[in-house]
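The values are calculated or read from the model by the stated rules, or taken from the named source; none is laboratory data. Since the model is a prediction, treat every value here as computed from it, not as a measurement. Note that we place each Cβ from the backbone using ideal geometry, even for glycine, and neighbour counts take in every protein chain shown. Areas reflect the complete protein model, heavy atoms only, side chains present, ligands, DNA and RNA absent. Shrake-Rupley method; radii C 1.70, N 1.55, O 1.52, S 1.80 Å.
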Amino acid sequence: MSKTVSQTLVDGLVDCGVHHVYGVVGDALNSVTDAIRRTDGIDWIATRHEEVAAFAAGAVAQLTGGLGVCAGTVGPGAIHLLNGLYDAAKSHAPVLAITGQVPLSELGSHYFQEVDNDHVFRDVSVFNHTITSASQLPQLVEQAIEAAMSRRGVAVLSLPGDVGPQPVPNGTSVRVFTGINRSGPEISLLERAASRINSAHKVTILAGAGSHGARDSVLRVADALHAPIVVTLKAKETYDWDNEFQVGQTGLLGNPAAHQALDDCDLLLMVGTDFPYRDWYPDDATVIQVDTDPSHIGRRTAVDLGLVGDADLTLATLLPKLNARTTRHHLQRARAAYAEWNQGQQRLADPDYEHHITGRLRSGLDNPGHRIRPEAVAAAVNDQAADTAIFTADTGMSTVWLARFVHLKRGQRLVGSFNLGSMANAMPQAIGAATAHPDRQVIAFCGDGGLTMLLGDILTAVRYELPVKLIVFDNHRLGMVKLEQEQAGLPEFGTVLPNPDLAAVAEAMGAKGIRISEPKRLRSGIAEALAHDGPVLVDVLTNPEEITVPGKVEPGQAWGFAIAKLKETLRSEGQ
């Protein structure tokens, strides 16, 4: 008996090492889900929302380096994938999206639920085609997988409901993608780079996620040059541990030491980073950028020399050409500032440090003091997390607290929507992480706004017994938006969230719920959650007035914040 289009597709996924497909079932995908049901080595993870499926697949791709797969049926089901797919695309995560389509005979007729998938997914994808005939297999499937893997992006295959069941010729199978060759820049360019570096007095390294496989080489270069390493958030998992050169993050999440290291240098060596914030780059330094993607060179700041190639291969070849430095002043100054800043941060992590908040939330909800410092929440998790824990974080203040108060150890991992900046990503990414790594602890730092956007997929964690730990920073606010409004001199408006008891909601869904409203209960509550062998939601009532100060504060931001607070006070008194 001949295999079908859908069975051939599913067999190809198994041969590529795919173990899970995330999605919501639908009639256009029936042949695909039935093929998964009948095939060993691959499972269907039924999410409650397709956006969750796409985020989960993207997390799997980022954590494993392999292909993540999600699926959505015709029309609305496919459209719901888009936000998670954009996150995967901006995270350079290889993801295959299988989308349903109306029957071939109805294409272009404005049929029920019909959308033009090829048009809808054009911007987000590196490969995007509709399978219209069994004769297009295995080529279209192979091209989709190879494009996703080699270009580290999203591939989309649309499958009309009447094409999936079609038979394919006997012997049709999908070839497995084998890998990518590493390459480095020309020797003449490395000689020029070495000459510029050897002429500089104070070198700072800005290391990004693209240097993940080059950690040892980066550290050896930093040692030779006595160069501080400023780390992007996506590279935190690579450089947080056993590193005498790192000075943390720059940008809005960063600290004064990182800003100082950048501002003081006369040469900036960028390695595997596309850090987007132009205002945080040094003004007068020579810039050398190492990246595998030539389109990244000079995209964020003026670059004097670009080295296109694999970061590890490039630095390993460059290192013997560098003159070792004899003075450590630049490094010592940056590290001293970083140590001082960290010491101050640890005071903020004390649960009893100015934790009393009086009055009421503007929503009218009672808020009788004892609101917990979010810094203390992050620090408590940091102290008790397993050495192999995987962290996810919602965009916004949850990411701020993780960036500053969770110090990742060797083997710990971090995933977030750090390029797209989407809300509601932490729980879905935790679902992907827990299915890909069932033997590892998975901890999600969730904002209350982000969590409640896709709250229904707590049921997915319960259904598949995924022991995810959802730590909710429940400040009844869209905290980052509040801060942005106040920095602009605007009074807080539209950010208040009248939340239910989220721990009780989790209990009603079948998960364990823990609600923490007293600082003295914080550490024991976190310990209880981490020790539980099933899904847990920890609803921590945190201080909505807690702010974070970036490494560099412009006078206009400080003045705007002061004006905003005055307006808020006057409005409150007038109520």
Residues in region 428-454 that are open to solvent by 10 Å² or more (accessible area, probe 1.4 Å) and among the aliphatic types (A, V, I, L, M) total 3
Among strands (runs of 3 or more DSSP E) entirely inside region 1-104, those with 1 or more residues being open to solvent by less than 30 Å² (accessible area, probe 1.4 Å), touching a residue at least 40 places away in the same chain (Cβ under 8 Å) and in contact with a Cys (Cβ under 7 Å, 6 or more places away or on another chain) are 20-23, 95-101
Out of (1) crowded, with 18+ Cβ neighbours inside 10 Å; (2) in contact with a helix residue (DSSP H, G or I) (Cβ under 8 Å, 6 or more places away or on another chain); (3) of a type outside the set (D, E, K, R), the one residue 277 does not meet is (1)
Exactly one of 222, 227, 261 is modelled with pLDDT of 95 or more and part of a loop (DSSP other than H, G, I, E, B), and that residue is 227
So for region 23-44 (the condition being among the basic types (Lys, Arg) and closer than 26 Å to residue 452 by Cα), does at least one residue qualify?
no
Scanning region 294-320 residue by residue, those in contact with a Ser or Thr (Cβ under 9 Å, 6 or more places away or on another chain), under 13 Å from residue 184 (Cβ atoms) and assigned to a helix (DSSP H, G or I) turn out to be 311, 312, 313, 314, 315, 316, 318, 319
When restricted to 252, 206, 189, the only residue of a type in the set (A, V, I, L, M), modelled with pLDDT of 95 or more and part of a helix (DSSP H, G or I) is 189
Filter region 148-167 for residues that are hydrophobic (A, V, I, L, M, F, W, C) and open to solvent by less than 10 Å² (accessible area, probe 1.4 Å); the one that is nearest to residue 65 (Cα to Cα) is 148
Exercise for the section: Looking only at region 180-191, decide whether some residue is in contact with a Ser or Thr (Cβ under 9 Å, 6 or more places away or on another chain), open to solvent by less than 10 Å² (accessible area, probe 1.4 Å) and in contact (Cβ under 8 Å) with a residue 12 or more places away in the chain. Expected result: yes
Please indicate, with yes or no, whether at least one residue in region 473-489 is touching a Cys at 6+ places or on another chain (Cβ under 8 Å) and of a type outside the set (Asp, Glu).
yes
- Scan region 344-357 and give yes if some residue there is at pLDDT below 50 and farther than 30 Å from residue 240 by Cα, otherwise no. yes
